[in-house]
Amino acid sequence: MPVTVLRFNLVDPAATPESLSHRYRSALEMAAYADDRGVSTVQTEEHHGAGNGWLPSPLVFAGAVLGATRRITVTVSALIAPLYDPLRLAEDLAVLDLASGGRLVTVAGLGYRPEEYAAHGRDWQRRGRLQDEALETLLKAWTGEPFDHRGRTVRVMPRPFTRPHPPLLVGGGSRPAARRAARLGLPFFPSAHLPELEAYYLARCREYGTAGWCTMPSAGTSLLHLSEDPDRAWALYGEHLLHEARTYASWQTGPGARSAVRSRAADVAELRREGVYRIVTPEECLAPSGPAGGDTLVLHPLCGGLPVDEGWRSLHLFGEQVLPRLNG
C-alpha cells in the first residue's frame, strides 16, 4: 500500500482575512477527517512574503494539526532552518514532540530564495554555516545537558519525548546537503528523485562512520486532485493548479533548486499534459498504471486557492472510494 499524504500550503491569491481564516480552519477539519480514515501523513511547507499567502509559519500550523488529530504524522518539508534562532527552534520542536507523542517529522532545508533571508536579517552567503549551526545546536540541545553556544553555556529543557531526539532529516538537492547529513548522522531527504545523490550520501556515511538512511520522492511524483469528471474540473479549476505551479517555478530559477514537482507549463492545457499536477477519478487513481501503483499518493485538496467545497469533494472521494480499496 502506498504512503498517503495530504498536502497543505494554504495558498489563495484572492484571499481576504475572513476567507483565509475559513481556509485554515477547513484544513484542520480535513486533517482530522484524514486521520480518522487512516491517511499516513499531513505535509506542509514554508515560504515567506508571498503575495498569495503561502504558509510562512509551518510549526504553528503543524501544532494545530497535531492538536486536531490522534494518529497521523505531520511532516514539515521543508523548514528553512537558518531563518530560526536555533535555541528557540530546539525548544519549539521539543514541545511539539512531547505534545504529539513523536508525530512531528522535520525536514531541515536551506531554502532557495535570497529574499527570504534578507527579510529575516540572515546572510544568504552564510546559509551553509547557519544550517550547520542550527542542526548542531538542535542535536546538542535535545540531550538536556549544558553546552556551549555562541560563547556562553546554555541548557534546553524539557527534553523531547522521542529518543535520541525528535525525527529530523536534512533536506536538499546538493552534495553539500548530503555531506552535512552524513557527517551529523542524520537521515537525508533529497528534494527530488536523485538516486545518484542517495548513493553519494551513503558513501559519505561510510566515510564518516555514521549510520544513515535516505528517503526521497518517487520518480514521476504527482500532486493529485480527485473528481468524478476530470474534464469539468480542469475547465473550472485548472487555473488554480496553474497558479501554484507557476509560482513555484518562478522561485526555482537558481542552480540548486531541484524539486520533485517542478512544472514548466505555461497554460492549463500544457499543465494537464505534463502530469505534474493531475486530476483523476477514483477508478483512474486505483488503476494498476495509476497513481496508486506508486510508492506515494499526494492529495492536494486546497491547491492554488481551490474552493474549500471542491477540496472537500476531492477528499471525500479519496476517503470513501480510494482508501477503503487500498486498505482492503
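Values in this text are rule-based calculations from the coordinates and carry no lab data. All values derive from a computational prediction rather than experimental measurement. All Cβ positions, glycine included, derive from the backbone under ideal geometry; neighbour counts span all protein chains shown.
Which of the peptides 47-56, 94-103 is most tightly packed, and how do the rest follow, going by the mean number of other Cβ atoms within 10 Å of each residue?
Result, highest mean Cβ count within 10 Å first: 94-103, 47-56.
Relative contact order, percent, of the chain when contacts are C-alpha pairs under 8 Å separated by at least 6 residues? It would help to have the intermediate numbers written out before the result.
On the way: 603 pairs, mean separation 61.5, N = 328.
RCO, the chain: 19 percent.
For helix 17-36, report the angle its Cα long axis makes with the longest principal axis of the Cα atoms of the chain; keep it between 0 and 90° and round to the nearest 10°.
Helix 17-36 sits at roughly 90 degrees to that axis.
Of the listed values [x] 17; [y] 11; [z] 21, grab the one calculated as percent of Cα pairs over 36 Å apart from the structure here.
Among [x] 17; [y] 11; [z] 21, the one calculated here is [x].
Would you mind calculating the gained length between E29 and A64 on full extension (0.36 nm times residue separation, minus the Cα-Cα distance), in nm to one decimal?
Stretched out fully, the E29 to A64 stretch lengthens by 11.5 nm.
If a/c stays under 1.5 just call it rounded; otherwise compare a/b with b/c (prolate if a/b is bigger, oblate if not). Do that for segment 53-147, with a ≥ b ≥ c from the square roots of the Cα gyration tensor eigenvalues.
Because a/c hits 1.5 or more and a/b fails to exceed b/c, segment 53-147 counts as oblate.
Per-residue counts of other Cβ atoms within 10 Å, averaged by peptide: what ranking do you get for 236-244, 153-161, highest first?
On the way: 236-244: 20.6, 153-161: 15.1.
Peptide ranking by packing, descending: 236-244, 153-161.
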